[in-house]
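S.K.: Input: one structure, supplied below.
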Amino acid sequence: MARPKSGLAATLAAAVLAVGCSDDVGLSAPALPCPGPGCPAVDAGPDASPPVDAACVPRGETCNGRDDDCDGEVDESFPEAGACGSDVGACRVGERLCREGALVCEGGIAPAAETCNGEDDDCNGLVDDAVVLPPEACGAPDACGPAPATCANGAVECPPRRMPAPETCNGVDDDCDGQADNDLPAADGVGQACGSATGICRPGVRACRDGVLVCEGEAPPTAEVCNALDDDCNGAVDDAPVDADQACGDGALCAAGRTVCEGGALRCEGARPASDEVCNGVDDDCDGETDEADPMLGAPCGIEVGACTPGEIRCVAGGLLCFGGVSPTDESCDGEDNDCDGETDEADDVRGGIPCPGQGDACEGRDQCGPDRLCVDDYGQRYCTAACDGEADCEAGYACRALGQSRVCRRTYPPCVADAECAAGEHCMFVGSSPDPARLAAECRPALADALPLGAGCGGDGAVCSTGLCLGPLDYCSALCDASLSCGPGFACIRTPFVTSGGVEVEVGLCLSACPGDAACDPAGTGRLCQYGLAVGAEGILGYCDAPRPGGAVGDACDLAARPPQTCDHGYCRGDAAGRYCTQGCVADGDCPPNWTCTATPFDTEAGRFTIGMCRRPI
């Protein structure tokens with residue numbers, strides 16, 4: 001740290017800071033002599049700082065033997081100061097210091113050469129990984145001396161010394177006389193004859209070469225060929241020669257024969273001669289091409305009757321085919337003579353030989369009704385019919401009505417507003433739009449086959465209600481009604497407004513699951529609640545299972561006069577001394593939440609005055 005300036009040194013420093021050192025003329029203050037090179041030192045006493053060089057330009061202090069920051073001290077601080085070295089293995093961290101203008105790391109332990117001591121001497125994270133042991137670490141070596149020493153678990157380990165043994169041909173000095181594979185015993189056969197003298201073979205002499213016994217100078221066996229010699233030296237001449245039983249014959253693909261060895265020479269046996277080319281997948285004329293010249297190629301084929309047209313014969317995959325024409329197919333109801341027998345649409349082979357359907361006949365697909373009719377799905381009933389522009393285009397019993405984006409001749413049925421108006425086996429079904437704009441679009445139609453009964457879930461793919469009426473958002477089958485009695489046990493006829501296609505509002509009765517409370521509506525977790533509403537006629541206020549309405553649950557606060565209104569999921573908001581709260585209809589106390597009571601509550605309706613149970617909370 002710089003010492004505080006005092007006395008004359010402080011005065012000079014202040015003057016230098018005020019006016020600087022300059023030879024310029026005209027400054028407001030006189031120039032003062034500058035301490036620095038060539039200037040005499042000023043003695044300010046024992047506590048004075050070293051003289052400051054006025055020409056010094058301050059900058060960050062570094063370890064370089066200079067006063068970089070111009071404070072009179074050299075190397076008193078530098079950015080590299082701090083810990084240095086490594087703390088891995090045997091190494092220890094030291095402190096980085098500046099000595100005579102150079103950075104040094106003092107006080108730590110630096111890496112050293114690795115030795116076999118169970119320590120990480122070179123501080124690379126591995127113990128005893130680069131230990132170099134002297135050759136004499138396990139004693140002075142000799143011809144049978146030990147293998148080099150090894151380092152294991154921080155200690156030098158020496159293998160057991162090898163004892164002399166009889167010499168064998170293995171590239172090792174077994175008897176420790178300084179030479180390998182010398183003085184081999186007679187049992188190895190070195191210098192003795194080896195190999196065979198049968199057939200073309202000739203013996204050689206056994207020798208030890210590079211630790212392996214070999215037979216030098218012999219004529220070894222070779223593969224047997226058809227040449228009247230015993231090439232494989234097995235004592236038999238021309239037995240199973242490798243050049244026998246091979247394909248042979250003239251031409252590129254006519255080599256259908258096999259070679260046979262007789263009297264030391266090969267003969268081709270069974271070769272096929274060339275013949276006229278035909279379409280059979282074989283190069284009959286042996287010219288390297290297959291099926292290029294069958295006499296039938298290019299000839300006309302097929303017939304020109306009905307949908308059939310002639311083509312020409314071509315060779316495809318070794319067989320003659322009629323290519324480019326139209327061949328007979330199964331007869332279908334499309335106005336064409338598909339089977340090319342001179343008759344059109346005489347029977348639909350796809351339908352098992354049944355004649356093509358006419359107006360009103362049942363169908364499954366659009367291609368089953370012929371070219372002039374459509375297969376329509378008329379609210380679950382599929383039948384063949386014709387497109388139309390007006391009533392004159394349709395047969396008796398049919399009327400020109402919209403169906404999807406088209407107008408077709410649809411079957412006519414009597415209109416209705418409830419199932420009770422229909423005959424046995426029929427239901428009053430919604431059918432989209434009514435010819436009478438003031439009437440409900442419903443007709444008495446036969447029940448759909450394999451359809452779902454009243455109350456069944458109908459939200460799955462392909463699910464169809466027998467009445468054609470699937471109510472959302474909870475997706476269960478309902479029916480039109482005029483009174484609960486016509487719905488049957490367990491259901492109530494609930495009235496609801498409906499606007500016809502002509503914009504006329506009518507009241508529609510729907511069969512809904514009857515209930516006294518919520519427990520009867522949601523045994524399977526469908527989310528339905530027991531709602532109460534007006535029934536048809538004079539039946540009064542009845543409970544029916546339906547989806548929750550927007551608003552709070554039973555017991556939540558409510559206020560229908562608020563803006564926006566605070567509504568209830570059961571549709572009823574009543575009040576007591578503690579305020580207004582959401583409640584629900586009931587028949588008995590058990591239909592209400594615990595400790596609540598079911599109390600009679602009067603309501604005035606268009607059908608008269610009715611009284612129903614209403615859940616009241618304890619006060």
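S.K.: Sorted by packing (mean other beta-carbon atoms within 10 Å per residue), highest first, where do 504-512, 264-272 land?
M.R.: Ranked from most to least packed, the peptides come out as 504-512, 264-272.
S.K.: Give me the distance in nm between label points sitting 7 Å out from Cα along the Cα-to-Cβ direction at Phe323 and Thr222, one decimal.
M.R.: My value for the distance between the label points is 5.1 nm.
S.K.: What does the extension gain come out to for Arg161 and Glu119, with contour length at 0.36 nm per residue minus their alpha carbon separation?
M.R.: Numbers: separation 42, 0.36 × 42 = 15.12 nm, distance 2.85 nm.
Result for the pair: 12.3 nm of gain on full extension.
S.K.: May I pose another question? Taking the simple approach of a point 7 Å from Cα along Cα-to-Cβ for both Asp576 and Arg267, what is their distance in nm?
M.R.: Distance between the two pseudo-spin positions: 12.3 nm.
S.K.: What order, most packed first, do the peptides 232-242, 159-169 have when packing is the mean number of other Cβ atoms within 10 Å of each residue? Present the calculation step by step, with values, prior to reporting the outcome.
M.R.: Working: 232-242: 15.5, 159-169: 13.5.
Going by the mean number of other Cβ atoms within 10 Å, highest first, we get 232-242, 159-169.
S.K.: May I pose another question? Which order do the peptides 589-601, 440-452 come out in when sorted by mean C-beta neighbours inside 10 angstrom, highest first?
M.R.: 440-452, 589-601
S.K.: Another question, if that's okay. Express the C-alpha Rg of the range 546-619 as a ratio against the empirical globular expectation 2.2 N^0.38 Å, rounded to two decimals. Don't jump to the answer; show the numbers that get you there.
M.R.: Numbers: Rg = 12.5 Å, N = 74, 2.2 N^0.38 = 11.3 Å.
The reported ratio for this selection is 1.11.
S.K.: Enumerate the residues in the range 217-242 having an amide nitrogen under 17 Å from the point lying 7 Å beyond the Cα of Arg202 toward its Cβ.
M.R.: So the set is 217-222, 230-233.
S.K.: Give me the one-decimal nm value for the distance between modelled label points at Ala553 and Ala274, 7 Å along each residue's Cα-to-Cβ direction.
M.R.: 9.7 nm
S.K.: Something else now. Rounded to the nearest 0.05, what FRET efficiency is calculated for Thr611 and Asp450 with R0 set to 51 Å and r the Cβ-Cβ distance?
M.R.: 0.70
S.K.: Would you please give the residues with an amide H less than 5 Å from that of Gly154, counting only those at least 5 places away or on a separate chain, with H modeled from the backbone geometry?
M.R.: Under 5 Å from the amide H of Gly154 lie the amide H atoms of Gly118, each far enough along the sequence or on another chain.
S.K.: Follow-up. Going 7 Å from the Cα of Val212 along its beta-carbon direction, which residues of the range 162-187 have the amide nitrogen within less than 20 Å of the resulting point?
M.R.: Of the residues in the range 162-187, 168-174, 180-182, 184 have backbone N under 20 Å from the label point off Val212.
S.K.: For Leu229 and Cys144 in one chain, what is 0.36 nm times their gap in residues minus the Cα-Cα distance, to one decimal in nm?
M.R.: Length difference between fully extended and current span is 25.3 nm.
S.K.: Through the Karplus equation 6.51 cos²θ - 1.76 cosθ + 1.60, θ set to phi - 60°, convert the phi angles of the range 85-101 into ³J(HN,Hα) values in whole Hz; use x for Gly and Pro.
M.R.: x, 10, 10, 8, x, 7, 6, 9, 6, x, 10, 7, 10, 10, 10, 6, x
Laboratory data are not the source of any read-out in this text; all were calculated from the coordinates shown. Since the structure is predicted, the reported quantities are computational estimates derived from the model, not experimental observations. Cβ sites come from the backbone with ideal geometry, for glycine too, and all protein chains shown count toward neighbours.
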